[in-house]
Structure formats: structure tokens, C-alpha cells
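Worksheet: the structure to be examined is printed underneath.
Taken together, the values in this text are just the output of simple stated rules run on the coordinates, not laboratory data. A quick note: this is a predicted structure, and the numbers were derived from the prediction, not measured. Neighbour counts are summed over all protein chains in view; Cβ atoms, including those assigned to glycine, are modelled from backbone coordinates with ideal geometry.
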Amino acid sequence: MQALRLARPRAIRPTAAVLVHARGVAATANASSSSTTSSTSAASVVPLSNVEAQWETLNSQDQLAVHQQLAELQKKDWRTLSVDEKKAAYYVAFGPHGPRKPISRPGDSLKVALAVIGAGVISFAVGTAVKSLAPPPPKTMNKEWEEASNARAIEQKMDPISGITSEGYKGPTFVQSK
């Protein structure tokens, strides 16, 4: 029992975390307290008027700094924010990046359509080739044989309740060839 207690990993709770400003200045903050040093007070690496164009090229620390800066700006009255700040906030929150990034690129639908058409043409060609190499149908698959099968079924009174010999039967018969 004692060996199991020693082998069990223990949860480590850090007492301090390091926050990195956009300019690379480190500051420590107590992890248990809710107040953190404001990393948004430092000027952002990317101007908010150009966030959409540069978001994908930013590293994760710069993206975090921009996100925090926008979070602080959004705490103010929205009427005091500039149009660029509002656009940047919308782009960071709902823009086509991360999990909302489109899976397909422009022009992929044309490639998919051409691939489907090509696969259809190839399957038609393979089907035609297989059909041309197939042996002729058996002798029981001609119209005369099937009509003879109908006459034989009527002669033997096959399925008299709901089948071919029932009164007023209009269903399918053995004749399938044209």
C-alpha cells in the first residue's frame, strides 16, 4: 500500500505564473489571485487597423497580446471605440482562423466536379468493356422461353391465390425480355 502511494503522481500547483508582454518584458503574477498585471498596457506589435491581414502570421504570444488588448478595449463604452478597433474585435472573435478556418480553398469545388465527371467517364468505359467481353445471355433469357414459362405456370396452376393463375391477375409475369 505504501508503494502505491509513492508511485502515484501528485498534482503540482504553481504559485506564480510568468506573463509576457508584447514587447517581451516578463512580469510575475500570483496564480491564486484574480488580478494580473496588465500585459495589454504595452503597445501591441500589430496595429489594430491591420489585424485581419497579419493574424495568421503572428505567433501565439502576439495573438494573445492582441486578444488581451482587445478584451481591455471592449470593457469600455462601445461608442468610444474606433471602427478599426471594432473590426479587429469582431475578426479576433469570429474571423476565419483557428477552428473556423475554411477546410476547402477557392477553386476546390471545380477540382471536385472534374474528378467526379472523370470518375463517371472511367466507370462508364470500364462497364462498357466488361459488357463487351461478357458471354451472350443464356437461352432461357429470350422472349419465347419466358412466354413458355408463363404457359407452364398457368398449366400447373402455380400460386392460385395471388399469383399468375389467380382471377384478374395484372402483376408481373415471367416475361422480362423485350
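At a 10 angstrom cut-off on C-beta neighbours, averaged per residue, how do the peptides 90-102, 49-61 rank from highest to lowest?
49-61, 90-102
Fewest Cβ neighbours within 10 Å first, please rank MET141, MET158 accordingly.
Going from sparsest to densest Cβ surroundings: MET141, MET158.
Suppose the chain between ALA129 and HIS67 were pulled fully straight at 0.36 nm per residue; how much longer would it get relative to their current alpha carbon spacing? If you can, show how the numbers build up before the last one.
Numbers: separation 62, 0.36 × 62 = 22.32 nm, distance 6.17 nm.
Computed gain between ALA129 and HIS67 is 16.2 nm.
Can you tell me the equivalent ellipsoid semi-axes for the range 48-178? Use √(5λ) from the Cα gyration tensor, largest first, whole Å. Could you put the intermediate results ahead of the total?
Numbers: eigenvalues 1144, 111, 22 Å².
So the three semi-axes of the range 48-178 are 76, 24, 10 Å.
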